[in-house]
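Every number here is computed from the coordinates shown, using simple stated rules; none is lab data. Computed from a prediction, not measured in an experiment: that's the story for all the values here. Here Cβ is always computed from backbone atoms with ideal geometry, including for glycine, and neighbour counts include all displayed protein chains.
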Amino acid sequence: MQETKYIIPSELKSAAIGKCPRCRKGDMFVGPLLSFSSKKMRSSCPYCSLKFEKEPGYFYVAMYVSYVFVVAELVTACVGTYIITHNMESPWLYLTVAVLATIILAPFNYRYSRIVLMYWLTPAFKYRPERYADVKEGGGAA
C-alpha cells in the first residue's frame, strides 16, 4: 500500500474558518468571521481563483439556508428563555429575545449560509486533492 505524504485539510475545519471549498487555503471573506463591521465576501479565491458566485443569483439559495438557521436559533432562544424565566404570560419578552437573537446572529447567518451552500450543497465546488496537495501537516486549513 502506498503512503500518502500529504494530509488533506479537514472539510469541517476549513468550512468553520471560512476557507475556499476547492483549495481550502484562500479566505472566502475579507474580515474576521464573526464581525459586524466587514461582511464583504471575496468574488474569487485569492489562492486558486475559484469564482465563488457560480452564476448570477447563485447566492439566493443561501437565503433558504439562512432561514433554516434563523428558525433553529429562534426556537432555541425562546425555549431557553422559557426555561430560564418560566414566563408564558409576556409576548414582549419573547419578541425582544427573538429580535435580539436575530440581530446578534446576523453575521453568523450571512456567512455560514453561504459556506454551507458552497461546501455541501454545490457539488461543483468539491475539494480537489490532486490539484492542491501541497498541504503537508496539521490536518486542517492553514
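Run the numbers for Val68 and Ser44: contour at 0.36 nm per residue of separation, minus the present Cα-Cα distance, in nm.
6.0 nm
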In Å and whole numbers, how far do the C-alpha atoms of the stretch 11-125 stretch along each principal axis, longest first? 55, 24, 24
Charge tally for neighbours of Asp27 with beta carbon under 10 Å away, counting Lys, Arg as +1 and Asp, Glu as -1, is +3
